[in-house]
Amino acid sequence: MKDELDLSTRNKIMQMIKTSGELTTKELTDQLGITGMAVRRHISILERDNLIESNTVKLPMGRPAAVYRLSAEAEDYFPKNYHTVALDLLAELEGEAGEPMVNHLFDRRKTTLMHRYEGKMRDKDLERKVAALSEIQNENGYMATWEKNDDEYVLTEYNCPISQVANKYNHACNCELNLFESLLEADVSRTDCLAKGDKKCVYRIRPR
C-alpha cells in the first residue's frame with residue numbers, strides 16, 4: 001500500500017511540474033501538503049530515474065533554491081496519440097490520392113530505412129547481421145531478441161510501435177519484411193504478426 005501511495009505522490013509531482021513548468025521544493029511541499037523531507041525523498045527518486053532535473057536560481061528573498069523541471073525522458077511518461085494522428089493523415093491521403101499512394105509512402109519509408117541502416121550490415125556475416133538488426137529494432141522500441149535454431153535464425157519482436165497503423169495498412173508489414181530481406185540478404189518469412197492479433201512478430205531467417 002505504501003509503495004502505491006509513494007508512486008501516486010510521484011505521479012502528482014510529475015503532473016504538477018508538467019502544468020507549472022518549474023517548481024521549487026517549497027512550492028511542491030505547499031501544494032502537496034506533506035513534509036519537505038518526504039518531497040525531497042520523492043524528488044531524489046525522480047532524479048535517479050531521469051524523470052526530472054534541476055538548476056539553482058536566485059529568489060527575490062532568501063537563499064538560492066533548486067527549481068525542478070521535467071527531463072526530456074519524462075515526455076515518454078505522458079500519453080501520446082501519435083498513431084491517431086498518423087492514421088488520420090493516412091486516411092486523408094488515401095481519400096485524396098487512393099490506397100496506391102499510401103502504399104507508395106510505405107515503400108518510400110522502406111527505401112529510406114534501407115539507406116539509413118545498410119552501413120551497419122556491411123562486411124558482416126548473416127549471424128552478425130541478425131544481431132545488428134535486433135539492436136536496430138530495439139533502439140526503435142520493438143523489444144527484439146534473436147536466436148539460432150539449427151539452420152535458421154529467429155528474430156522475435158514483442159512490441160510494435162506502429163501496430164495501430166499496420167493493423168489498418170497491411171502494406172506496412174510487407175515493407176518491413178522486404179526491408180529485412182534486403183538488409184540481411186537472406187530469405188525471411190514471418191510466422192507471427194502483432195498487427196494480426198498474435199502476441200509477437202516472429203521472423204525466420206535462412207541463408208539464400
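Observations
- Magnitude of the charge dipole for the chain, about its Cα centre and with charges confined to Cβ atoms of Lys, Arg (+1) and Asp, Glu (-1), is about 740 debye.
- Computed about the Cα centre, the dipole magnitude for region 2-77 is approximately 400 debye when only Lys and Arg (+1) and Asp and Glu (-1) carry charge, each at its Cβ.
- For the chain, calculated [θ]222 nm from helices alone, where every DSSP H run of n ≥ 4 adds -39500 (n - 2.57): -17000 deg cm²/dmol
- Peptides 61-70, 180-189 ordered by packing proxy, namely the average of other Cβ atoms within 10 Å per residue, highest first: 180-189, 61-70.
- Spin-label model, Met61/Ile45: points 7 Å from Cα along the beta carbon direction are separated by 3.4 nm.
- Simple spin-label estimate for Tyr158 and Tyr77 in nanometres, 7 Å along Cα-Cβ: 2.4 nm
- Three-way shape label, region 2-77, alpha-carbon gyration tensor, a/c 1.5: oblate
- Highest-MSF residue in the chain out of Asn174, Asn149, Asn103 [GNM, Cα springs under 10 Å]: Asn149
- Greater than 24 Å apart at Cα, pairs in Lys120/Lys196; Lys18/Lys200; Lys18/Lys58; Lys110/Lys196: Lys120/Lys196; Lys18/Lys200
- Counting neighbouring Cβ atoms within 10 Å and putting the fewest first, the residues Val154, Val57 line up as Val57, Val154.
- Net charge of Cβ neighbours under 11 Å - reference Arg208; Lys, Arg +1; Asp, Glu -1: -2
- Zone residues, region 143-164, relative to Asp125, backbone N less than 17 Å from point 7 Å out along Cα-to-Cβ: 147-154
- Farthest toward positive dipole pole in region 85-189 [+1 Lys/Arg, -1 Asp/Glu at C-beta], among Asn159, Tyr169, Val85: Val85
- The residue list Leu133, Leu105, Leu51 was ranked by how far each Cα lies along the charge dipole of the chain toward its positive end, using unit charges on Cβ atoms, and Leu51 comes out on top.
- Relative contact order %, the chain, counting alpha carbon pairs below 8 Å whose residues are six or more apart: 13 percent
We did not get these values from a lab; they are worked out from the coordinates using the rules stated. If you're wondering where the values come from, they're calculated on a predicted model, not measured in any experiment. Cβ coordinates were reconstructed from backbone atoms using ideal geometry, including for glycine residues, and neighbour counts include every protein chain displayed.
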